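The values are calculated or read from the model by the stated rules, or taken from the named source; none is laboratory data. Nothing here was measured: the structure is a model prediction, and the numbers come from that model. As a convention, Cβ positions derive from the backbone with ideal geometry for all residues, glycine included, and neighbour counts pool all protein chains shown.
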């Protein structure tokens, strides 16, 4: 029996880069700390990793490692400057809110013969009651050799029909009658009146799942929100040539 050949697009390489910036504060016994961490599983195929990095950085970088180094360098300079500008001896007791944290994690959600789906999870705390987190998803078609965007999956000229499907499925799952704003339904967990299609999605064997950040549909306390919808519900709404 021969071992299954592992293709380059199935392999991932681990990368990590981090920096702890300590800034002394006059009148305080402890230095403030700002932390930035990048942790990533990157496709070993250079072209696939390059395309993903360009998607994440909005075409500003080709190399994720270089992107992380530049972000960390900028953070180190801006964090020191911000602490020094905002705090002096008389307000040192409040300085702990300046212990900033920035975490960036890139990892695989699905890695099959058809798709590599990556999640880019970020968490930022820059003072206040709580930090903010967000998860952005990227879908790579190994057959088409490209990172898919929403327009590669759906016929966006039918956006209203797509959103009607989302609305119907959300109401079915959460027992919300038609004609009532989501935020006004009895015991509603929603802060939005309606659901809109998002380009933050993941593909699986039977469903397409749409992902929403805190405050887009639901309050912060509920975290991120996701809605999974069977492919068959979107019959006639997919872009020509898309097969699930």
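Tell me which of these residue 41 doesn't satisfy, since it passes every other one: (1) modelled with pLDDT of 95 or more; (2) assigned to a helix (DSSP H, G or I); (3) over 22 Å from residue 132 (Cα atoms); (4) out of contact with any helix residue (DSSP H, G or I) (no Cβ under 8 Å at 6 or more places or on another chain).
Every listed condition holds for residue 41 apart from (2).
Would you tally the residues in the range 115-148 being outside any strand (DSSP E or B) and either assigned by TED's automatic domain parsing to the domain that holds residue 205 or surrounded by fewer than 14 Cβ atoms within 10 Å (Cβ to Cβ) (or both)?
7
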